[in-house]
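The values are calculated or read from the model by the stated rules, or taken from the named source; none is laboratory data. Predicted model only: the values in this text are computed from it and were never measured. Using ideal geometry, Cβ is built from the backbone for each residue, glycine included, and neighbour counts are taken over all protein chains shown.
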Amino acid sequence: MGTDRIQKRKKILGIEVDIVSKEEAFSIFEELMEREGFDMIVTPNSEIIENATRDSMLAQLISEAGLIIPDGIGLVYASKILGYDLEERVTGVDFLTEVLKYLEKTGKSIFLFGSKPESEEALSVAELAADNMRKQFPNLRIAGTHHGYFKPEDEDEIVAEINQSGADFLCVALGSPKQEKFMQLHKNEFTVCRAGIGVGGSLDVWAGTVKRAPEFYQKHGLEWLYRFVKQPSRWKRMLRLPVFMIKVIAGGGKKTGDM
Ligand code: UDP
């Protein structure tokens, strides 16, 4: 890992994140795509950071990622309290769009793994997302897709399918921490893929099965409010944001383990 990147890595509630702008995150991504081996990209929000404080395996695998992009307004506020220089959040959905542009331009290919399988009425979410990605990026090479509802014993076959597809980049939409744990478990088995990113519900957004918050909510850091109104059943998960903020503030603004 380059020294620049090590300097960007700080801790929030003891969990590592890279304090990077969109441009910096993207140039690290380009570096990962050039180097041998498979690197994981994670996009933790405050909920994931909070979970990681109680899940040492998740904390460990976040720290081993090649790029840890802070996603979510909670991390921007936390950075302010801790005195880190994080001006903007880089959302997973926006980052994925930049990645697609890069892949189209360089002729590299992507494999879409995760989300709901096909039904009698519709194609799988990954196939629908692939169709919409091709509309926006006509020269994008999509090497393959696979839905995200599988048994542990199917994993080897899925990894083999990803390898056989020859994809250079892997997009995993299984929700967190399942997607990160999948990538970590198989990271030494990917023969062609240089990097993979966990994107949560982003394929649903690309497929059009879930709508992204209107721009107003995005601009004002209120996507959480929009999601709450649309899916009130998520209220328990949403309580993690204030809990996260209270913990950061209770830390007295101290840089808990600045690296
Ligand atoms: N998902 C999946 N397999 C599973 C559980 C979830 O493919 O076993 C998919 C689900 O269909 C959805 C995504 O993972 O597309 C998770 O979305 P969610 O909004 O819960 O993730 P978040 O962005 O909050 O991490």
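Where residues in segment 156-168 are within 11 Å of PHE113 (Cβ to Cβ) and not in a loop (DSSP other than H, G, I, E, B), which of them is farthest from the ligand (Cβ to nearest atom)?
SER165
For segment 137-167, enumerate the residues that are among the hydrophobic types (A, V, I, L, M, F, W, C) and under 21 Å from the mean Cα position of the chain (by Cα).
If the condition is that a residue be among the hydrophobic types (A, V, I, L, M, F, W, C) and under 21 Å from the mean Cα position of the chain (by Cα), then PHE137, LEU140, ILE142, ALA143, PHE150, ILE158, VAL159, ILE162, ALA167 are the ones that fit.
Can you report the number of residues in segment 75-107 which are within 16 Å of the ligand (Cβ to nearest atom) and either among the basic types (Lys, Arg) or at pLDDT 90 or above (or both)?
5
Per-residue answers, yes or no, for (1) within 17 Å of the chain's Cα centre (by Cα); (2) part of a helix (DSSP H, G or I):
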{"position": "ALA65", "(1), (2)": "yes, no"}
{"position": "ALA78", "(1), (2)": "no, yes"}
{"position": "LEU86", "(1), (2)": "no, no"}
{"position": "LYS105", "(1), (2)": "no, yes"}
{"position": "PHE111", "(1), (2)": "yes, no"}
{"position": "LEU128", "(1), (2)": "no, yes"}
{"position": "LYS135", "(1), (2)": "no, yes"}
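CYS193 passes all but one of (1) modelled with pLDDT of 90 or more; (2) away from the ligand (no atom under 16 Å from the Cβ); (3) assigned to a helix (DSSP H, G or I); (4) not basic (Lys, Arg); which number fails?
(3)
Here's the yes/no breakdown for (1) surrounded by fewer than 16 Cβ atoms within 10 Å (Cβ to Cβ); (2) under 19 Å from GLU180 (Cβ atoms):
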position	(1), (2)
ILE68	no, yes
LEU75	no, yes
ALA78	no, no
TYR84	no, no
THR91	no, yes
PHE95	no, yes
ASN139	yes, no
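Inspect segment 34-44 for any residue being surrounded by 17 or more Cβ atoms within 10 Å (Cβ to Cβ) and part of a helix (DSSP H, G or I) and give the result as yes or no.
Taking every residue of segment 34-44 in turn, none turns out to be surrounded by 17 or more Cβ atoms within 10 Å (Cβ to Cβ) and part of a helix (DSSP H, G or I).
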